[in-house]
Amino acid sequence: MKKKHLHNEQLGYHTPEGYFEQSKKDILGFLETQKPASKSKPVFKPFFIGVGLVAVLVFGVFALNDNTNEFDSFEQLTIESLDLEEEEFDQWFDENFILNDV
Amino acid sequence: MKSEADIIQPLKNKQFAVAVTAIADAYHELLYWHIRKLVKHHEHANDTLQNTYVRIFKGLPKFGFKSSIKTWCYRIAYNESLRFLQQQQQLNYNDSTTETSGYFANLTADPYFDLDSVSHALHESLAKLSVKQQQVFQMKYFDELTFEEISDITSWNVNSIKTAFYAAKEKITLHLTATV
């Protein structure tokens, strides 16, 4: 074959005797035990992206609500604390912060 | 020898085993030589060729008919060869040999390479080219691929391929004229 001759003569690349016939047989024999990868259906892609987006939105809304409530109650307590006398503050602080968390 | 149409028909009928056999009938030797020039050593080329076939076979159901089967197979063989070379490079990361001596060390380590039978000057001039110039020259001169096909295989711009080829051709001609 022309290619083989060109590679042998000009580049000095050789192959074992009968290499091409044998390697083709071996490789095709090996491939008989393999399965081609099945084509993935793109229909599922938008579905999973949609589910992901909804999950992120729901999680985001909950997280935001949670933070907002926390922020609101903290604000409320801070305002309440302004009405307290110095002596009452320790008790108020224990009730609203320390004991509240237990 | 099988033609492109002999491969496309079974592929459209989802007869992948028939298609891969037709690919082997049409391009087996061409793919081997394409890989051999990139990885140089026969045993390495043999391993890379096997991996190429596995990728071709597994990729057949996803073939989009955007390019020819030939170009697609060459592209897989090319990428598989680069993957092999990268792995080799990682293994030899502290090898201090120069590019030219590394080129010849790789060649002469192969029992299926016969330096006496060829023009030593051709390999010398190839070793002096950049990797891109070497690849482009070999694909154009030995594989007889068109500039467009080389572009599809390597993802390089056609104009940069032309530039690399003509620069390589000039350097090789100069070197051969001076030494032979």
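Before moving on, here are some points about what is shown:
- Counting only Cα atoms, chain B measures 55, 34, 30 Å along its principal axes, largest extent leading.
- From the C-alpha gyration tensor of region B:114-180, square roots of 5λ in Å: 23, 13, 9
- Cut-off 14 Å (backbone N to label point 7 Å along Cα→Cβ of B:Q50), residues of region A:13-30: A:22-30
- For region B:1-40, the Kirkwood estimate of hydrodynamic radius, built from reciprocal distances between every pair of different alpha carbons, is 10.6 Å.
- Pair B:W156, B:L174: separation of 7 Å Cα→Cβ label points (nm): 1.8
- The count of lysine pairs in region B:1-102 with alpha-carbon distances below 19 Å, taking only pairs 8 or more places apart or on different chains, stands at 15.
- Rounded FRET efficiency, nearest 0.05, which uses the C-beta distance separating A:V51 from A:Q22 and R0 of 30 Å: 0.05
- Selection from B:N159, B:Q133, B:L145 lying farthest towards where the dipole of region B:128-171 points positive, charges on Cβ: B:Q133
- Taking the Cα centre of chain B as origin and assigning +1 to Lys and Arg Cβ atoms and -1 to Asp and Glu Cβ atoms, the resulting dipole is close to 740 debye.
- Rg and Dmax of region B:1-102, based on Cα coordinates, read 15.6, 53 Å.
- Measuring r between the beta carbons of B:K12 and B:S67 and using R0 = 22 Å, the FRET efficiency lands at 0.90.
- Relative contact order %, chain B, counting alpha carbon pairs below 8 Å whose residues are six or more apart: 21
No lab work stands behind these numbers, since they all come straight from the coordinates. As the structure is a computational prediction, the values presented were derived from the model and not from experiment. Cβ atoms come from the backbone with ideal geometry, glycine included; neighbour counts cover every protein chain shown.
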